1. Any residue at all in the range 28-46 that's more than 16 Å from the chain's Cα centre (by Cα), modelled with pLDDT of 85 or more and under 17 Å from residue 76 (Cβ atoms)?
2. Please find, among 53, 79, the residue that is at pLDDT 95 or above and either part of a loop (DSSP other than H, G, I, E, B) or surrounded by fewer than 10 Cβ atoms within 10 Å (Cβ to Cβ) (or both).
């Protein structure tokens, strides 16, 4: 039996993948992979330095809101700048 990343793959699964490839792929669907856009264009990464207390407070807030640090920072920045 074949393996991928150490996990067994059945002959039936391999055949299914081959059949799918022979039918062709929807290019539009393939381009949708990855992170969705956050705004009108691709997002940029911005690095900031946080002191340990601020970083701890950020982590606490993200946990309380069941969110991510990035989402909390974006929301706080939007509120401070008053943009949608």
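1. yes
2. On the way: 79 fails: at pLDDT 95 or above.
The unique qualifying residue is 53.
The values are calculated or read from the model by the stated rules, or taken from the named source; none is laboratory data. From a predicted model like this one, the values you see are computed outputs, not experimental measurements. So basically every Cβ, Gly included, is an ideal-geometry build from the backbone, and we count neighbours across all protein chains shown.
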